[in-house]
Amino acid sequence: MTMSVAGVLADTAAQRPAHSALIYEGEHITYGWLWEQARRYAAVLRANGVRPGDRVAVLLTDTPQFPVVYFGVLTAGAVAVPLNALSTAAEIEHVLTDADVGFLVCAAALLDQAKEAAAPLGTTLLTIGPGPAGTVDLEHAAQETAPVETSAVRDPDDVAVVFYTSGTTGEPKGVMLTHRNIRYNVERMVTTPYAFRSDDVLLGCLPLAHGFGQICGMLTGFRAGISIVMMPKFSGREALALMAEHRCTVFMGVPTMYVKMLESVAQGEPVPQLDRVYSGGSALSVKTLNNIRSTFRCPVYEGYGMTETTCSVAYHYPGLTFRSGTVGAPITGITVGIARTNSDRIDLLPAGEVGEIVVSGPTVMAGYLGRPDMTAEVMTDGWFRTGDLGMLDGDDYLSVVGRKKDLILRGGYNIYPREIEEILAGHPSVAQVAVIGIPHPELGEEVCAVVVPARPGALISGSRQEIIEWSKQRLAAYKYPRRVEFIDALPVGSSGKILKRVLVSRYGPAVGA
């Protein structure tokens, strides 16, 4: 039987109880203390009616209380439902209702939106810190309660965590990940690609309510017994300072984080001595990847995954020959194929052809909670349809072209935004760029490039034509953008992904032909 996810912390706490699991605001928190607190919290949760299989929502910021509550929920045998700390009351209420959540654990500072969401549903509210009369302060009660001896026994195929998607294509859906999904992923990723050593120190700046930060960062890090420096709110300057102060050896982040750190270095901030860095969440431009490599003077390993695949599909990793423009090879035990688009069945294409990326293996989700119809739409013959377009070469290296829904159809031609973004990223005055399709009365869609200047004021209205000419010389006539817009910063979601739908809404429809 596969151990429960709670065993990730339990095992490491037994092996090295005195080692620092977390470093937060200068304080070192050991694995032994963390596991004891999780078991105390589990005891309080049980005493307040939480039973194995119950869903417990977790509304906390990225402080040491997050892993304590998270592992407390799992140790009690319940299902963790992480919520973004920036969620509105309406967003919280949607998750509580959709997931039939019986209990909500929230930070005292987030009580206003938590109470507004929980009250009409009758959801039991437990707080971290003093709450309203009649509400259990989980933190206080735990210190007066004996810890449970062992975790509740769970079946490998029992659901461990329900992540709610960002809702980029509609109302957020609950992605059900089992203990088997998560444990398989963690056991593989701890060695390949992350190659964690017991003395590694990771900057934990990815939100713990999201899969990348929670599974790839916290869980995989805890499985390896490393130390994680917690950073509740990211800034490029502070990230560099924390990594230097605590002698971090590893960094994980999304492309927008790397851009901010590179900007801070350009402004004179010192560069920490890192051993290796990892990028995920969305594609790195080749220009940014090369800048990271030359600035931090260490290997850059880019990967690809999504919540529905327990956040991992393919990665570059130590020992694998690097191939620019790819996201590496599938992780052990995961099968990746390229399927013909717009087909009811999985019709796999040969190497070198572009199609939809499909995935099978033990990390593919159990389904969307309460949505068998939506699950059936993305699961075909044991394959998960990612909605991403890509290509495999003859050696199984995966290239990601872009989201299927982001494909631009201009005058009957298929245009892949990432190809254009790579070209525009090479312009010396461009820091970031997102290419979108906006409605056009004759062509169907027109190509629009939304550009963040490399320096404030670096681009002016006259530069639009310069960028158009730059791309015109490097792209086929039907591909280059006829429209260029400048923006101070690209809109990103809580996980750091660029929200292209916001850009489409802002800049469409196209002007002229």
Q.
Taking the criterion of being of a type outside the set (Lys, Arg), without any contact (Cβ under 8 Å) to a residue 12 or more places away in the chain, more than 16 Å from TYR41 (Cα to Cα) and outside any loop (DSSP other than H, G, I, E, B), would at least one residue in segment 117-125 satisfy it?
A. yes
Q: Within segment 340-360, track down each residue that is touching a strand residue (DSSP E or B) at 6+ places or on another chain (Cβ under 7 Å), free of Cβ contacts under 8 Å to residues at least 24 places away in the same chain and outside any strand (DSSP E or B).
A: ARG340, ASP347, LEU349
Q.
When the residues of segment 389-407 are narrowed to those that are farther than 25 Å from ILE292 by Cα and modelled with pLDDT under 90, which ends up surrounded by the most Cβ atoms within 10 Å (Cβ to Cβ)?
A. ASP406
Q) Which residue pairs have Cβ atoms closer than 7 Å, lie 6 or more positions apart in sequence or on different chains, and pair a first residue in segment 187-208 that is without any contact (Cβ under 8 Å) to a residue 40 or more places away in the chain with a second residue that is of a type in the set (D, E, K, R)? A) VAL190/ARG223
Q: Working only within segment 356-389, note down all residues that are aromatic (Phe, Trp, Tyr) and touching a Ser or Thr at 6+ places or on another chain (Cβ under 6 Å).
A: TYR368, TRP383
**Q.** Among the residues listed as ILE128, ILE92, the single one being among the β-branched types (Val, Ile, Thr) and farther than 19 Å from LEU45 by Cα
**A.** ILE92
**Q.** Which numbered condition ALA90 fails, given (1) under 30 Å from ALA118 (Cα atoms); (2) at pLDDT 95 or above
**A.** (2)
(Q) Just to be sure before I move on: is THR363 part of a loop (DSSP other than H, G, I, E, B), crowded, with 21+ Cβ neighbours inside 10 Å and touching a helix residue (DSSP H, G or I) at 6+ places or on another chain (Cβ under 9 Å) in the structure I sent? (A) yes
Q. Pick from segment 409-438 the residues that are out of contact with any helix residue (DSSP H, G or I) (no Cβ under 9 Å at 6 or more places or on another chain) and surrounded by fewer than 18 Cβ atoms within 10 Å (Cβ to Cβ): which of them is farthest from ILE487 (Cα to Cα)?
A. GLY412
(Q) I'm trying to understand the selection: among the residues of segment 276-308, which are farther than 27 Å from TYR368 by Cβ and either among the basic types (Lys, Arg) or part of a loop (DSSP other than H, G, I, E, B) (or both)? (A) ARG276, LEU284, SER285, LYS287, ARG293, ARG297, CYS298, PRO299
Q. Using beta carbons and a limit of 7 Å, which pairs, at least six apart or on different chains, have the first residue in segment 209-223 and free of Cβ contacts under 8 Å to residues at least 40 places away in the same chain and the second one assigned to a helix (DSSP H, G or I)?
A. THR220/VAL186; THR220/MET189
Q: Output the number of the condition that GLY213 fails; it satisfies all remaining conditions of (1) part of a loop (DSSP other than H, G, I, E, B); (2) touching a Pro at 6+ places or on another chain (Cβ under 7 Å).
A: (1)
Q.
Being outside any loop (DSSP other than H, G, I, E, B) and out of contact with any strand residue (DSSP E or B) (no Cβ under 8 Å at 6 or more places or on another chain) is the filter here; which residues of segment 410-435 pass it?
A. TYR413, GLU422, ILE423
Q. Which of the residues spanning segment 162-210 are among the small types (Gly, Ala, Ser) and part of a loop (DSSP other than H, G, I, E, B)?
A. SER166, GLY167, GLY170, ALA195, SER198, ALA209
Q: Scan ASP62, ASP98 and give me the residue that is at pLDDT 95 or above and over 23 Å from ASP137 (Cα atoms).
A: ASP98
Q | Breaking point among (1) under 14 Å from ASN48 (Cβ atoms); (2) touching a strand residue (DSSP E or B) at 6+ places or on another chain (Cβ under 8 Å); (3) of a type in the set (A, V, I, L, M, F, W, C); (4) assigned to a loop (DSSP other than H, G, I, E, B), for ALA85 | A | (1)
Q. With segment 1-79 as the region, which strands (runs of 3 or more DSSP E) entirely inside it contain at least 1 residues that are surrounded by 24 or more Cβ atoms within 10 Å (Cβ to Cβ) and of a type in the set (A, V, I, L, M)?
A. 20-24, 55-59
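The values are calculated or read from the model by the stated rules, or taken from the named source; none is laboratory data. Predicted model, so just to flag it, every value in this text is computed and none were measured. A quick note on method: Cβ atoms are made from the backbone with ideal geometry, for glycine too, and the neighbour counts reach across all protein chains shown.
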